[in-house]
Structures are given as structure tokens and as C-alpha cells.
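What follows is a set of notes on a single structure, which appears directly below.
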Amino acid sequence: MVNYIWLGMIVSGIVVAAAHGQVEAVTRAVLEGADKAVKTSLNLVAILTFWLGMMRLAEASGLVSALAYLVRPVTRFLFPEVPPDHPAMGAIIMNLSANILGLGNAATPMGLVAMQELQKLNRGDPKTATASMCTFLALNTSCLTLIPTTIIGIRTIYGSADPTAIVGTTIFATACGMTMAVIVDRLLRHFYGRGVT
Amino acid sequence: MLEVLDEISRWVIPLLLLLIPLLAAARGIPVFEVFVEGASQGFHTAVKIIPYLVAMLVAINVFRASGAMEALVHLLAPLLNPLGFPPEVLPHAVMRPLSGGAALGIATDLIATHGPDSFIGQLVSTMQGSTDTTFYVLTLYFGSVGITRYRYAIVSGLMADFTSLVASVYIVNKLFHP
């Protein structure tokens, strides 16, 4: 899937650029894209290092397992293959909580810890995503944000009479997206079948 | 309302930083050593992501800069117009799963042009807040553990994005349409 999308974007991009007589735009776009990717990764170093340290402390303090215990009925339904006491569960919960609170900076490191833990449970091919990983990412990409801080800030800058008016509509739209994510994930999980972990 | 939200977002991180080490110390954990042990993986994780992100961001950038994305918007416009979906907002909907920064740029531009309290302003604000940069998140998360076969993750991610989009159009039409 990702192979076709990747190839599709590149091929259609070059064809369209050639048709417009501006192939050189492609060359520039390649360099800019690669540059942005490396800078993004390196910018992550600081925040990743810090939050991975905090995550380890949160695990050691018992905070993560307390949280995991609280939401156990939900996670048992969503992640039937992950043992309830496994560190993956704690990291998944920390990531989703950070997402809900709108703490994007903290959410990414916690999500990466969750992926590492889920990979430890992967008993199939280490290059193929497991069902739990797909469920986790479906939830993560559609995850409810209670306070969309960035866009509220932009609305304030441009003189909105009620910058938070969109909080309700945003929660409604996200809830619909999340419900769809869970349903589609459940269906595809059975449809694909293999790679059971 | 806004002040309360502001206060909350100011306090969340400092409170976490206070609570987590204190809890750990109360349990007799050597907090400094444990922190450093966890933090030592940070650099390795970030560097491991680089090739995956380069591959994905180069493709997205070529797709966008060449004008192919605009062509896709033109193709999709007739399908979405009957749903009460203003064509001005379509570039945002197409860009949102691909590039968070670019989508935010489009949203800011629409808010500046049409006003934050206009129908388009409310709609694009809701869309920006209710979906995520699906391709970026998948590339980053799968890349960090070396996974190259995503199976159905892209399908469920995009289905969720599309549902949020339709739900945004529905709810904003219902609440804010003149």
C-alpha cells in the first residue's frame, strides 16, 4: 500500500511538472523535502531525550500502571493481544492521554515508546506491522483533542469574537473519526487475519 | 472560557514535571539515574527515523510543488460540492493528512482572508483541530521500529480522516450556516 502511494506521488508529481514545463521545480522540491525531514528528526532529539527520561520515571513510579489499571476495560477490548500488565499498555495510555490534553510534544516520545514495546510483542516478521500497532495508530491519528490550542491561537490573532466556538464542533468531528477508526480497524483486523500479535 | 483553557495549558507540563519525579522519589527510586537511563535512547530513536522521513517528505514535497496536488483538488471538487463543501477549503482537506505545517498554513490563510467567524473560518478551524497528519505519524511511528509493511494502517487512518471531514462539514453547516 505505502509503496504504491509513495510511487504514485512521485510519478504523478514529475508528470504534472513536466506537463507544466517546470521540471526544475521537482529538483528543488526533492532537496527541500529531504532537508525538512532531517531537520524535523534532529529537532526531535531534544524533546525525545527529555520525555523518554520522564517516561522511564513515570513507569518506575507506578503512575503508568495505575493509569493502565483505571482504563483496563477499554484497553482490553481494543488491544486483546497485549497483556494488561505489559509496559506497552502503559505507554499507549500515556500517549493517548497526552494527545487528548493537546500535548503534542509529549505525545510523540510516549507513542514511540509504545511502538517499541509493541514491537517486542511482535512474534511475526519484524518488518510487518502487527494488528495492535495498526489499532494504536488508527487511534493515535484520529485521537480526540479537548483543546485545539494552535488553531484557537490563530483565531484569536485574527480577531475572532469567540475563538473557542469551534471546540464543540472539533470534539464532535473527532469523535466521529475515532469511531470510524475503531470500526474499520476491527473489520480489517479480521479481514487480514494473519500476523496475530 | 479562553482564560481557563489558557491557565490549564500553562500548568499541565509543570505539574507533570513536579508530580512524576516526586512520586518516583517517594517510592525510593534513584530519580536522576533512572531519568538518564531512559533519556539515553533519545538520540538513537531520532536518528533512526531520518531515512523514513526523508523518503516520505520528498515524495510529498514533489507531489505538492509540481502542481499535482492542485490537479487532484480539481478532480475532487465536483464530487464534494453537492455535500455543502466550499471549494476553497478543499486544498486543506487534501493537504491535512500529508503535511501538518502546510495544512496549518492553508488554514491560517483562509482564516485571514475570510475571517475566523465566517462559515469557511469555522469549518477550516474544525477540520484542522479534528484530524492529524496521518502520513507523517505513520512514517514516524513505524520508522522508529523499522517497520516497512504497514498493512491496513493507511486505510483505517484515511477512513477516519475522511469521516472527521464529513462530520466537520455536517456540524459546522448545522451550527454556523447563515
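With a 10 Å cut-off around each Cβ of B:107-120, the average count of Cβ atoms from other chains is 4. Estimated at 0.36 nm per residue, the fully extended path between A:Tyr192 and A:Ala18 surpasses their Cα-Cα distance by 58.7 nm. Protection proxy ranking for A:58-64, A:186-192, B:135-141, using the average of other Cβ atoms within 10 Å per residue and placing the highest first: B:135-141, A:58-64, A:186-192.
Peptide A:62-68 has a mean of 2 when you count, residue by residue, the C-beta atoms of other protein chains within 10 Å of its C-beta. Per residue, chain A reaches -25000 deg cm²/dmol at 222 nm when only DSSP H runs of four or more residues are counted, each adding -39500 (n - 2.57).
Summarising the label geometry, the points placed 7 Å from Cα in the beta-carbon direction at B:Asn81 and B:Phe43 lie 5.7 nm from one another. The Kirkwood hydrodynamic radius of the protein assembly as shown, based on inverse pair distances between different Cα atoms, is 21.5 Å. Label sites at B:Leu22 and A:Ile183, each approximated as a point 7 angstrom past Cα along Cα to Cβ, lie 4.5 nm apart.
The stretch A:24-192 has equivalent-ellipsoid semi-axes of 28, 23, 19 Å, by the square roots of 5 times the alpha carbon gyration tensor eigenvalues, sorted largest first.
Computed over the stretch B:102-165, the percent of Cα pairs more than 18 Å apart is 48. Taking a Cβ cut-off of under 15 Å around B:Ala93, the surrounding Lys, Arg, Asp and Glu residues balance to a net charge of -3, with basic ones at +1 and acidic ones at -1. Per residue, the stretch B:1-40 exposes 73 Å² of accessible surface when a 1.4 Å probe is rolled over the protein heavy atoms with every protein chain present. From most to least packed by mean Cβ count within 10 Å, the peptides B:126-134, B:142-150 give B:126-134, B:142-150.
A simple spin-label model places pseudo-atoms 7 Å from Cα toward Cβ; at A:Arg28 and B:Trp11 they are separated by 4.9 nm.
Taking each residue as 0.36 nm, the span from B:Val36 to B:Val4 lengthens on full extension beyond its C-alpha to C-alpha distance by 8.0 nm.
Across peptide B:79-88, the mean count of Cβ atoms from other chains lying within 10 Å of each residue's own Cβ comes to 0. Across the stretch B:74-178, Cα pairs under 8 Å and at least six residues apart give a relative contact order of 29 percent. What base-10 log of the normalised intensity I(q)/I(0) is obtained for chain B from the Debye formula, alpha carbons as equal point scatterers, at q = 0.08, 0.20 Å⁻¹? With no solvent term, the Cα-only Debye profile gives -0.39, -1.31.
Probe radius 1.4 Å, ligands and nucleic acids left out: can you give me the accessible area buried at the A-B interface, summed over both chains, in Å² to the nearest hundred? Interface area, both chains combined: 8400 Å², rounded to the nearest 100. Other residues lying with their Cβ under 11 Å from the Cβ of A:Ser142 contribute a combined charge of -3, Lys and Arg counting +1, Asp and Glu -1. Each Lys or Arg adds one and each Asp or Glu takes one away; over the other residues whose Cβ falls under 14 Å from the Cβ of B:Gly115, this sums to -3. Within the listed set A:Leu31, A:Leu139, A:Leu118, the residue fluctuating most in the Gaussian network model of chain A (springs between alpha-carbon atoms under 10 angstrom) is A:Leu31.
When the Cα centres of the stretch B:103-178 and the stretch B:1-62 are compared, how far apart do they sit, in Å? If we compute the Cα centre of each part, the gap is 24 Å.
The values are calculated or read from the model by the stated rules, or taken from the named source; none is laboratory data. As the structure is a prediction and not an experimental result, all values here were calculated from the model. As a convention, Cβ positions derive from the backbone with ideal geometry for all residues, glycine included, and neighbour counts pool all protein chains shown. Surface areas here come from the heavy atoms of the whole protein model, side chains and all, with no ligands, DNA or RNA. Shrake-Rupley method; radii C 1.70, N 1.55, O 1.52, S 1.80 Å.
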